[in-house]
Every structure is written in structure tokens, then in C-alpha cells.
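Here the structure comes first, spelled out in C-alpha cells, and everything after it is commentary.
The values are calculated or read from the model by the stated rules, or taken from the named source; none is laboratory data. Every value quoted in this text rests on a predicted model; they were computed, and no experiment measured them. Cβ: placed from backbone, ideal geometry, glycine included. Neighbour counts: every protein chain shown. For accessibility, only protein heavy atoms count, side chains too; no ligands or nucleic acids. Shrake-Rupley method; radii C 1.70, N 1.55, O 1.52, S 1.80 Å.
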Amino acid sequence: MIQAILVFNNHGKPRLVCFYQRFPEEIQQQIIREIFHLVLKRDDNICNFLGGGSLIGGSDYKLIYRHYATLYFVFCGDSSESELGILDLIQDLVETLDKCFENVCGLDLIFHMDKVRYILQEVVMGRMVLEINMNEIVAQTEGQNRLEKSEGGLSAAPARAVSTVKNIGLLEIPRIINTGDLNIKVPNPSQFV
């Protein structure tokens with residue numbers, strides 16, 4: 001099972017961090033630094049998988065990574081994971097990100113974090129690989145983008161809420177509510193609009 005997915009740049013700055021196991025923030029930072037140093041010191045002509053670091057589980061876990069231009073994509077998995085399968089998964093993820101962002105870079109991962117997380121959740125959820133078909137993932141992502149645009153995005157939510165309240169169209173708004181023991185006076189709603 002996949003334990004963590006990390007993407008960081010050539011300087012070790014995390015661009016995407018997804019732990020599937022709860023760690024305190026300080027430990028997460030130590031894990032990221034340790035994994036970066038383990039991966040960085042490896043030569044380019046050496047295989048792309050190695051034993052896990054001491055903080056993430058030691059020899060029971062393995063790190064599978066790929067280096068593309070300025071980004072390292074690192075998956076941490078237990079011994080049941082296929083190294084070649086994860087390398088293929090990383091390739092599919094990067095191709096999907098490239099298709100969605102037109103040559104993905106670190107800035108895309110920073111400024112479009114919600115879209116990147118959505119794509120990642122289409123690929124991996126709950127430590128398990130869900131989908132590797134790039135066309136299906138892109139179609140789902142485009143569908144999500146259309147839905148967000150049709151709803152006006154999150155920024156339009158307050159305006160929609162106010163217009164909905166204005167258009168409720170109550171025939172008569174009660175001014176005094178009597179519940180038996182308690183009388184409640186309702187203020188004039190025009191004061192709030």
C-alpha cells in the first residue's frame with residue numbers, strides 16, 4: 001500500500017505532500033528532508049527505487065521516484081508494492097498533469113493545488129490506486145472544471161446565498177412569534193439587506 005506521495009523541487013522545497021498515515025508536522029518535515037537527501041545523493045544512472053528512510057519505516061518500506069526537469073515525484077510504499085508498477089503510475093500521473101497544465105511545472109502545483117489534489121485523488125485514494133487511464137482522469141477533471149464554472153466557483157457563493165434569501169418570496173413575514181411561554185419579536189428584514 002502507498003504510504004506517502006511527495007513532490008519536491010531540486011532544492012527540496014515540497015510542492016505536493018500527501019501522507020496516508022498521520023504524522024506530526026515536525027516529523028513530516030523531517031521525513032521530507034530525509035527523503036530528499038536520500039534521493040538527491042543518488043546518481044542519475046542508478047535505479048529509481050531504494051529502501052525507505054529511518055523515519056518512514058526503514059527497510060519495511062521502499063521509495064520509488066522519478067526526476068523530471070525540476071521536480072522529483074516520490075512514492076513511499078510497503079514491500080507489497082511493485083516498483084515497476086509505481087514507476088508506471090508516476091509516469092501516468094506526470095503525463096496527466098502535463099495534459100491538464102500544458103507542461104507541468106512547480107508553479108502549477110503551487111497555484112493550482114486544488115486541481116492537482118483532485119487529479120491525485122482520481123489516481124490514488126486511501127492508499128490504493130484507483131485509475132491510471134489518463135483520458136478518463138482528464139475527462140473527470142474537465143467535468144469538475146465545468147461544474148465549478150457553472151456554479152460560479154467559491155467566490156460567487158455569498159452572492160448566490162443573498163440572492164436566494166431575497167428571492168424566497170414569503171407572502172407575509174411574521175413580526176411576532178408566540179411559542180406559548182415565549183414571545184419573540186422579529187426585526188424588519190429590510191434593515192439587513
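Taken over the range 81-112, residues that are open to solvent by 50 Å² or more (accessible area, probe 1.4 Å), free of Cβ contacts under 8 Å to residues at least 24 places away in the same chain and in a helix (DSSP H, G or I) amount to 4. Counting only residues that are of a type in the set (D, E, K, R) and assigned to a strand (DSSP E or B), the range 1-24 holds 1 of them.
State whether the residues of the range 67-80 include one that is farther than 23 Å from R33 by Cβ, open to solvent by 10 Å² or more (accessible area, probe 1.4 Å) and in a helix (DSSP H, G or I). No, the range 67-80 has no match at all. Listed by first and then second residue, the pairs with beta-carbon distance under 8 Å, at least 6 apart or on different chains, first residue in the range 138-151 and under 15 Å from V116 (Cα atoms), second at pLDDT 85 or above and open to solvent by 90 Å² or more (accessible area, probe 1.4 Å), are V138/K99. I'd like to check something: does the range 115-124 contain any residue that is farther than 17 Å from A4 by Cα, hydroxyl-bearing (S, T, Y) and either touching a residue at least 24 places away in the same chain (Cβ under 8 Å) or open to solvent by less than 50 Å² (accessible area, probe 1.4 Å) (or both)? Checked the range 115-124: no residue is farther than 17 Å from A4 by Cα, hydroxyl-bearing (S, T, Y) and either touching a residue at least 24 places away in the same chain (Cβ under 8 Å) or open to solvent by less than 50 Å² (accessible area, probe 1.4 Å) (or both). In summary, N45 fulfils each of the numbered conditions (1) modelled with pLDDT of 85 or more; (2) out of contact with any helix residue (DSSP H, G or I) (no Cβ under 7 Å at 6 or more places or on another chain); (3) assigned to a loop (DSSP other than H, G, I, E, B) with the single exception of condition (1). Residues that are assigned to a loop (DSSP other than H, G, I, E, B) and on the phi < 0 side of the Ramachandran plot within the range 113-138 comprise L130, E131, I132, N133, listed in sequence order. Condition check for M128 on (1) open to solvent by 50 Å² or more (accessible area, probe 1.4 Å); (2) in contact (Cβ under 8 Å) with a residue 60 or more places away in the chain; (3) in contact with a strand residue (DSSP E or B) (Cβ under 7 Å, 6 or more places away or on another chain); (4) not polar (S, T, N, Q): one failure, at (3). On the stretch given as the range 1-45, residues that are free of Cβ contacts under 8 Å to residues at least 40 places away in the same chain, of a type in the set (A, V, I, L, M, F, W, C) and surrounded by 15 or more Cβ atoms within 10 Å (Cβ to Cβ) total 6. Residues of the range 1-50 that are under 20 Å from M125 (Cα atoms) and basic (K, R): R15, R22.
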